[in-house]
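Beneath this line is the structure, given in structure tokens, with notes to follow.
The values are calculated or read from the model by the stated rules, or taken from the named source; none is laboratory data. Keep in mind the model is a prediction, meaning the values are calculated, not measured. Counting neighbours? That spans all protein chains shown, and the Cβs are built from the backbone with ideal geometry, glycine included.
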């Protein structure tokens, strides 16, 4: 078994799951946050048992941890792959910083705090949330691209056919 390849593949699967969930939130969830207190009451009611945060609080750290494992497994002094993986990890960490510093305050306004403001206020907060989510999607998308590029490179480096041709 190729540990170098497997470690990146697992990190890629988890990062892709993050990407898919983030895109889903932008396309499906975010538009439903507009419409003021009435729309937000519906969203809050829909998320009465579990919310997207449960998924992200499990998958985001797991993807970062497994990406760190992939970096360790691909640590060679001259490897460009480790730097791609490290860049992917850095981008996932930045995505989490965006989540904690930007999205959590807006999540509190949209989903926890009493709904006592105007529809325009909540629509503005929802628009900010959606715009910030595009940033997260972009960061995760770049990470996925770096991981795909890394996995292709590792596969080429470790392929028996390639080694015979060299």
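Condition check ((1) touching a residue at least 40 places away in the same chain (Cβ under 8 Å); (2) under 19 Å from residue 47 (Cα atoms); (3) more than 19 Å from the chain's Cα centre (by Cα)) across all residues:
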residue: 136; (1), (2), (3): yes, no, no
residue: 144; (1), (2), (3): yes, no, no
residue: 148; (1), (2), (3): yes, no, no
residue: 153; (1), (2), (3): yes, no, yes
residue: 160; (1), (2), (3): no, no, yes
Please specify each residue of the stretch 28-56 satisfying the condition of being exposed (fewer than 12 other Cβ atoms within 10 Å of the Cβ) and within 21 Å of the chain's Cα centre (by Cα). 28, 50, 54
Is there any pair with a first residue in the stretch 1-15 that is part of a helix (DSSP H, G or I) and a second that is loosely packed, with under 15 Cβ neighbours inside 10 Å whose Cβ atoms are under 7 Å apart and which are 6 or more apart or on different chains, and what are they? 4/158; 5/158
Looking only at residues that are touching a residue at least 40 places away in the same chain (Cβ under 8 Å) and more than 13 Å from residue 105 (Cα to Cα) in the stretch 123-134, which one is surrounded by the most Cβ atoms within 10 Å (Cβ to Cβ)? 133
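Conditions (1) touching a helix residue (DSSP H, G or I) at 6+ places or on another chain (Cβ under 7 Å); (2) at pLDDT below 95; (3) more than 19 Å from residue 84 (Cα to Cα), marked per residue:
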{"site": "19", "(1), (2), (3)": "yes, no, no"}
{"site": "39", "(1), (2), (3)": "yes, yes, yes"}
{"site": "53", "(1), (2), (3)": "no, yes, yes"}
{"site": "59", "(1), (2), (3)": "yes, no, yes"}
